[in-house]
Amino acid sequence: MLLESKTAIVYGGGGAIGSAVAAAFAREGARVVLAGRSRPALDHVADVIRGAGGTAEAAVVDALDRPAVEAHAAAVAAAGAGIDIAFNATSNDDLQGTPLIDMRYDDFLRPVTKSLTAHFNIATAAGRQMAARGTGAILVMAGGREAIPALGGAHVAWAALAGLCRQLAAELGPSGVRVAWLLSPGSPEPGTGLPEEDQGAAGTGQPGDPDAAATVLGRRPSYGDVANAAAFLASDWARTMTATELNITGGAVVD
């Protein structure tokens, strides 16, 4: 197993991407700590993971509350052998569908501010714990290299997150901590975000998706694809990957 005996905090663990990533981490042997604002959603994901034989616990944590994030990270680290992985899957409350020239500044700025605040809080709290042990991986969904209209501030937020990750990687690298991000062409069809057998037909990313035409493969990643990529990036198999992105766009972004 790729993540055996590791401790992973998944922020936004009750959401679609977060729950899929948490399930993949648990499948690969990690002790998973689900953090988010909705206790029922977190408990449901934890129950599914435990039902599949994994180890999971849940905690209500607002990623925008820096003292709360700091206290939770310290508690997780103290309860085990530290923190090995921090994955940020929190949402940004973006407003899409309106051209920038017609958008109110507050609506444009909100997802940028929220995304950067949440990831700064998460990465600095986890990074401090990781640096003390000389190892760890901090991951987030980011990027923003596509040219897509009417995404409001969300696209700018993703690009800003990539910049934040680069600086964090440069500062934490000497302490053995990696910081990287996954570039996705967007979420799959709505689904629970849990393993695909728990999603029914939703979230498969199969051909026929109206947004898949923008990709070279003709398909966007499923939640499972995103989760498997995250498990790899969090693992020691990716131990030389930092200050970089893992491109899982299916060719929507060509490197």
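The values are calculated or read from the model by the stated rules, or taken from the named source; none is laboratory data. None of these values were measured; they are calculated from a predicted model. Please note: Cβ atoms are built from the backbone with ideal geometry, for glycine as well, and neighbour counts cover all protein chains shown.
Taken together, Ile83, Ile138, Ile148, Ile122 contain a single residue that is buried (at least 22 other Cβ atoms within 10 Å of the Cβ) and assigned to a loop (DSSP other than H, G, I, E, B), which is Ile83.
Is the range 216-225 home to any residue that is modelled with pLDDT under 60 and either out of contact with any strand residue (DSSP E or B) (no Cβ under 9 Å at 6 or more places or on another chain) or of a type in the set (Gly, Ala, Ser) (or both)? Please lay out each step first, then the result.
Here is the first cut: in the range 216-225, the residues modelled with pLDDT under 60 are none.
Looking through the range 216-225, none of the residues is modelled with pLDDT under 60 and either out of contact with any strand residue (DSSP E or B) (no Cβ under 9 Å at 6 or more places or on another chain) or of a type in the set (Gly, Ala, Ser) (or both).
Yes/no per residue for (1) closer than 18 Å to Ala137 by Cβ; (2) crowded, with 23+ Cβ neighbours inside 10 Å; (3) in contact with a Phe, Trp or Tyr (Cβ under 7 Å, 6 or more places away or on another chain):
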{"residue": "Gly13", "(1), (2), (3)": "yes, yes, no"}
{"residue": "Arg37", "(1), (2), (3)": "no, no, no"}
{"residue": "Ala41", "(1), (2), (3)": "no, no, no"}
{"residue": "Ile49", "(1), (2), (3)": "no, yes, no"}
{"residue": "Ala52", "(1), (2), (3)": "no, no, no"}
{"residue": "Ala58", "(1), (2), (3)": "no, yes, no"}
{"residue": "Arg66", "(1), (2), (3)": "no, no, no"}
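The selection criterion, being at pLDDT 95 or above, aliphatic (A, V, I, L, M) and exposed (fewer than 15 other Cβ atoms within 10 Å of the Cβ), holds for Ala78.
State yes or no: is Thr249 under 27 Å from Ala8 (Cβ atoms), modelled with pLDDT of 95 or more, among the polar types (S, T, N, Q) and touching a strand residue (DSSP E or B) at 6+ places or on another chain (Cβ under 9 Å)? Spell out how you get there, then give the answer.
Numbers: under 27 Å from Ala8 (Cβ atoms): yes; modelled with pLDDT of 95 or more: no; among the polar types (S, T, N, Q): yes; touching a strand residue (DSSP E or B) at 6+ places or on another chain (Cβ under 9 Å): yes.
It is false that Thr249 is under 27 Å from Ala8 (Cβ atoms), modelled with pLDDT of 95 or more, among the polar types (S, T, N, Q) and touching a strand residue (DSSP E or B) at 6+ places or on another chain (Cβ under 9 Å).
For the range 125-144: of the residues being β-branched (Val, Ile, Thr) and under 18 Å from Ala157 (Cβ atoms), which is farthest from the chain's Cα centre (by Cα)? My answer is Ile138.
Step by step: first the residues of the range 86-119, then only those that are in a helix (DSSP H, G or I) and hydrophobic (A, V, I, L, M, F, W, C), then the one that is surrounded by the most Cβ atoms within 10 Å (Cβ to Cβ). Which residue is that? If you could, list the steps in order and put the result at the bottom.
Of the residues in the range 86-119, the ones in a helix (DSSP H, G or I) are 100-102, 105-119.
Next, from what is left, pick out any that are hydrophobic (A, V, I, L, M, F, W, C): 100-101, 108-109, 112, 116, 118.
Values: Leu100: 14, Ile101: 5, Phe108: 18, Leu109: 15, Val112: 21, Leu116: 16, Ala118: 24.
So the residue we want is Ala118.
Exactly one residue among Ala125, Ala79 is in contact with an Asp or Glu (Cβ under 8 Å, 6 or more places away or on another chain), free of Cβ contacts under 8 Å to residues at least 60 places away in the same chain, aliphatic (A, V, I, L, M) and under 20 Å from Ala22 (Cα atoms), and that residue is Ala125.
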